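To start, the structure under review is shown below, and the notes come after it.
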Amino acid sequence: MRAAVALRAIALVLSVGGLPVLADESPADPALSSEAFDALTRGKTMDTYDAESGLYGVETFLSGQRVIWRDADRCIQGTWQQVGEQICFSYEDKPDRPVCWTYHDRGGWIMGWFEGNRQSVPIMLYPSKGGPVGCEGFVGA
């Protein structure tokens, strides 16, 4: 019940904000494999949103499963790998504490759940209208 309310709230936020609405709320859809995730993200920059924070970061996906993450506080490089059904990111500031998600293709955008927990607030990755992220000249907030 709580998850359904959260998903409806996200759909409302997204529809008001002009972003696509959830394409599939079914918990049975499979997580993306590393190959599928790489095919959807490699060479792209993705804006990352959630229903609580709105846009909170931008990530550029490079070849070799490398990434550059940038938000208001930091700009860091990292890598990702598949661990079970999850895609786990290790960033240079905390290489021993990977951040893991299950990702699901929503046809033009990607939905992710932290550690695969569908009771949590999902994140949404949309192709960015900006270019690749770089840390040159980054001052932070």
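Read-outs: derived from the displayed coordinates by stated rules, not from any lab. Being a predicted model, the structure only gives us computed values, none of them experimental. Cβ: placed from backbone, ideal geometry, glycine included. Neighbour counts: every protein chain shown.
Short version: ³J(HN,Hα) in whole Hz for each residue of segment 89-106, in order, from phi by Karplus 6.51 cos²θ - 1.76 cosθ + 1.60 (θ = phi - 60°), x for Gly and Pro, what are they?
9, 10, 9, 4, 7, 9, x, 8, 10, x, 10, 10, 9, 9, 10, 9, 6, 10
Be a star and scan segment 43-62 for residues whose amide nitrogen sits under 16 Å from the point 7 Å along the Cα-to-Cβ vector of GLU92.
Flagged as within label range: 59-62.
What does the charge add up to near THR79, with Lys and Arg as +1, Asp and Glu as -1, over the other residues with Cβ less than 10 Å from its Cβ?
On the way: positive: ARG66; negative: GLU92.
Spelling it out: positives minus negatives among the neighbours equals 0.
Under 5 Å between amide hydrogens, which residues at least 5 positions from ARG118 or on another chain qualify, with H placed 1.01 Å from N in the peptide plane?
Distant-sequence amide H within range of ARG118: zero hits.
What are the principal axis extents of the Cα atoms in segment 22-141, in Å, biggest first?
Cα extents, longest axis first: 43, 27, 24 Å.
Where in segment 38-141 are there GluC sites (Glu not before Pro) that are in a DSSP coil and have at most 14 other Cβ atoms within 10 angstrom of their Cβ?
GLU52, GLU85, GLU92, GLU115, GLU136
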